[in-house]
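Worksheet: the structure to be examined is printed underneath.
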Amino acid sequence: METLNIESLITDLALILVLGAVATVVFKMLKQPVILGYIVAGFLASPHFSWMPSVASEANIEFWAQIGIIVLLFSLGLEFSFKKLLHVGGSAVVTALIIVAGMMGLGFIVGKLLGFAAVDSIFLGGMISMSSTTIIIKALTDLNMRQRRFVPMIFAVLIVEDLFAVVMMVILSSVAINQSVSGDEMLRSVLKLSFFLVMWFTVGIFLLPSVFKRFRRIISDEMMLVIAMGLCFLMAIFSVKSGFSMALGAFVMGSILAGTIEAERIERIIQPVKDLFGAVFFISVGMMVNPEVIVSHAGTIALLSVVVIVGMIVFGTFGMLATGQPLKMALESGFTLTQIGEFSFIIASLGMSLGVLEPSIYPIIVAVSVITTFTTPFFIKSAEPCYRRLERVLPENWNKLLEGYSAGANEGEMSESRRLWGAIVQRYFLRLILYSVVVIMIIFISRSYLMPALLATAGEKWGSLLSATLTIAVLSPLLYAIITPAVKRHEKEKLVALSGKVSYVPLVVMTLASIFISTGYVMAVLYGHFSSLTAIVASIAIILVVILVMAPYLRRRITRIEQQFISNVNERENRRTGRNNNLVSDLHLAYMTVGHDCPFVGEKLKNAHLRQRYGVSLVNIQRGGALHPVPTGEMRIFPGDILGVIGTDEQIQRMLPLVEASHSHDESAAANDVRFIHFAIGEQSQLVGKQLKHARLSEDYESLLVSVQRDDDDFITPTPDFTFEAGDVLWIVGDPQRLLELK
């Protein structure tokens, strides 16, 4: 049996982490992305750099790197959520599709021109088609451009690209295993992936939020970390058993957990784990950097860098224009996407692990990523001058044409009747897909596990009958849900009001199709147990019983199931608004997070006058891991506090935007260096003797003074005429590094 050399494993881990720590500190001082520091650390620890000790075994680093990929994809899933995908809009989906398809095609062509094999060229196209979320966020933050109009659209495109990257990994794995590009095989892989995603999304959303809600009071942070990572690795194993990668399973579980009320808590708890293993992964990427390969392929690296930059600008701009965005926003978006990053490394690692990627391509891609990372801020700043120059050069009728197309695309000229029918048909197909996936999963479990067990214990005749009966009993509510029309009563009334009558032809067609599909599912259960004729007759009889006899009972049961599912899907929003947390009459209990721009942040509760101003009652405050039930009037409200508030729906909706007011509203944006800190000012501080109105804290330090603590326990809400004294403790929001000089 193969043994693991523990001493070698720990020695290598210690070496790369120490080098990683030193490199990241240096790169932080140089105001460069820490990912580049990790890559440099990996190169220093590799056998390609002989002036320092090297790792004893690259297999050890590969072990840690694979865990890093799983944790990275899990954390990306936590930031993703399928619900967020539904909200990004068609524009982001179409734009991302144009970028990915265009760059993959361009990468394949360039790869073939460079003499790469077909599989290498396909992987190359995949590696250069994904922009880096981490690098874009860092660049926009450094340039103070996070609030620009085009940024939300960029983040939406990146969200969709994350999903495309996961799909691409499955397709590339299929291509690598079969050593060919087969349309049938790719279609089979996509359909299999779609079934896997829908199945686990449906099951996970139905079960996990309910479990978390039931045991929320007893789950500590330690338990939540164990549960979250356990679910992550469990889904990774399920993914492998289903023929996919571990990374896909981790991403799916992260996406499921992103819809629960524990999402932010899980993100916070696993952040150190993500940072540790993510660092190991990027360091392992740096270990693949071979200077000899880079020097010998300098022309290839330069060419691919130009291809990435120009291709992203062209396809990104065209994608935005094609979906009706203005020319300026389209150019700004295209110029922002001009780099490759983490997913390129993950796809390259996939190719290397499958043994199909030419080893020299890995360091080439790393070099291209480094170059495009350094050039990203330059191109972001160049977007607006380029737009002004292009606006002057373009003929006036072209500008009018683009502006008119943008306005027309955004207006959406569709009649209300057609829009309503579109919503009905969309709901029909969504219900059909979701319920069909669950039905197929139940049939598979029944045939794989239940039927063999019953045949072994009850004999062939009774075992078959019992297995079929139990399976159909479980399926009956789902079959009824598939058969029932997708149109609601108020929608029928609205259609009558709009057109004078309702055409029942679409409803009849949808119902008949649903009955036919449901009958097929019942036949799939009975197939093999009985003769073909008996199975057909019995299936029709069962569907008739479901429709005519059991309808009232099944309607109540499926309504409860759907309400539970929808409640779980909207759990985070419902908790925030209190919509599903009725107390008495029309009062709700809502939980809202205090933003930095909340009008009463820093004030004592007795001075905030929440009941008088907003008509609500404050029942608790959660600060970090501590819960303060029924807080006293002396307690202050700080950014990040979670307020438990009781009020009517109107009162809560009016109060929410005020409480959650913050400079950054984008959920997908990563946290920057702004923190809520406190420190004492000494006698040499430039603030001593100054009044607050002359201190220029906001202008020079981009900070917000919340409160001042004087004489240990006395908190003061500072006014413009407040004068600072030595020994004052400032409770302030800002960048800790910039605020150090105030001490």
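Please treat every number below as a calculation from the coordinates, not as lab data. Values in this document were obtained by computation on a predicted structure and should not be read as measured data. All Cβ positions, even for glycine, are placed from backbone atoms using ideal geometry, and neighbour counts span all protein chains on display.
What the table below lists for this structure:
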{"item": "Estimated FRET transfer efficiency when R0 is 25 angstrom, pair residue 427-residue 474 (beta carbons, to 0.05)", "result": "0.55"}
{"item": "Förster radius 22 Å - calculated FRET efficiency between residue 394 and residue 322 (Cβ-Cβ, nearest 0.05)", "result": "0.80"}
{"item": "Under the Karplus curve 6.51 cos²θ - 1.76 cosθ + 1.60, θ = phi - 60°, whole-Hz ³J(HN,Hα) for the stretch 637-648, x wherever Gly or Pro sits", "result": "9, 10, x, x, 5, 9, 8, x, 10, 9, x, 6"}
{"item": "Alpha carbon convex hull of the stretch 675-742, projected area averaged over orientations, nm²", "result": "4.0"}
{"item": "Principal axis box of the stretch 289-371, alpha-carbon based, largest edge first, Å", "result": "45, 26, 15"}
{"item": "Quarter of Cα convex hull surface for the stretch 23-72, i.e. mean projection, nm²", "result": "4.1"}
{"item": "Nitroxide proxy distance, nm - points 7 Å out along Cα→Cβ at residue 31 and residue 676", "result": "2.9"}
{"item": "Pairwise FRET efficiency - residue 241 versus residue 441, Cβ, R0 = 22 Å, nearest 0.05", "result": "0.95"}
{"item": "Residue order, fewest to most beta carbons within 10 Å, for 368, 425", "result": "425, 368"}
{"item": "Full-extension gain in nm, residue 693 to residue 513, via 0.36 nm per residue minus C-alpha separation", "result": "57.6 nm"}
{"item": "Difference of contour (0.36 nm per residue) and Cα-Cα distance, residue 10 to residue 612", "result": "210.6 nm"}
{"item": "Phi to ³J(HN,Hα) by Karplus 6.51 cos²θ - 1.76 cosθ + 1.60 over the stretch 297-312, Hz, x for Gly, Pro", "result": "10, 4, x, 5, 5, 5, 4, 5, 4, 5, 4, 4, 5, 5, x, 5"}
{"item": "Projected label distance in nm at residue 700 and residue 717, using a 7 Å step from Cα toward the beta-carbon", "result": "2.7"}
{"item": "Computed label-point distance, nm, for sites residue 534 and residue 22 using a 7 Å Cα→Cβ extension", "result": "7.8"}
{"item": "Extension reserve of the residue 216-residue 550 stretch, reckoned as 0.36 nm per residue once the Cα distance is removed", "result": "116.6 nm"}
{"item": "Cα pair distances in the stretch 67-382, grouped into 20 Å bins until the bin that holds the longest one, percent each", "result": "32, 59, 8, 0"}
